[in-house]
């Protein structure tokens, strides 16, 4: 008779992709504050990381804004926030997010491809040196950005 300790641990598979198979944004990623607050755990997806940065979450926020720096710059910088920052740049270049300078969405597919390639390069160069959360965040970001890039290039060629 097997005891509790001898039973293999079960694992949970969780789909954290932001888009459905039809390319529609899933309801849990619409940007509502309820969802982003509930998914503050590291590696919980791009939207959770972006919400953490936008809200100034983390130890740096407890210190308060640093002189001469905006609130966003006072957020803790770690590998995950660095990846989210790169993915945000790519999303701006893909036209998914309005350009922060003028507030208008604009596409620059060459720049988007360059940022996506940089993230891919980081994935190759950091292989074996990332924890599970960092690796899954990087994989999710790369998958999502590559799919969005392919979608945008197909729209341009039509």
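A short reminder: the numbers here are calculations on the coordinates, not readings from a lab. Because the structure is a prediction, the values reported are computed rather than measured. Because the Cβ atoms are built from the backbone with ideal geometry, glycine has one as well, and the counts that use them run over all protein chains shown.
Quick notes
- Computed from the Cβ-Cβ distance with R0 of 25 Å, the FRET efficiency linking residue 155 to residue 124 stands at 0.30.
- Using the Cβ-Cβ distance between residue 133 and residue 21 with R0 set to 22 Å, the FRET efficiency from 1/(1 + (r/R0)^6) comes to roughly 0.30.
- 151, 14, 144 arranged by Cβ crowding within 10 Å, fewest neighbours leading: 14, 151, 144
- The convex hull around the C-alpha trace of the stretch 92-152, projected and averaged over every direction, spans 4.5 square nanometres.
- Taking 96, 22 and counting other C-beta atoms within 10 Å, the order from fewest to most: 22, 96
- Order of 26, 123, 12, 148 - criterion: other Cβ atoms within 10 Å of each residue's Cβ, fewest first: 12, 26, 123, 148
- Cβ-Cβ distance of residue 12 and residue 114, R₀ of 30 Å, FRET efficiency by 1/(1 + (r/R0)^6): the value works out to about 0.25.
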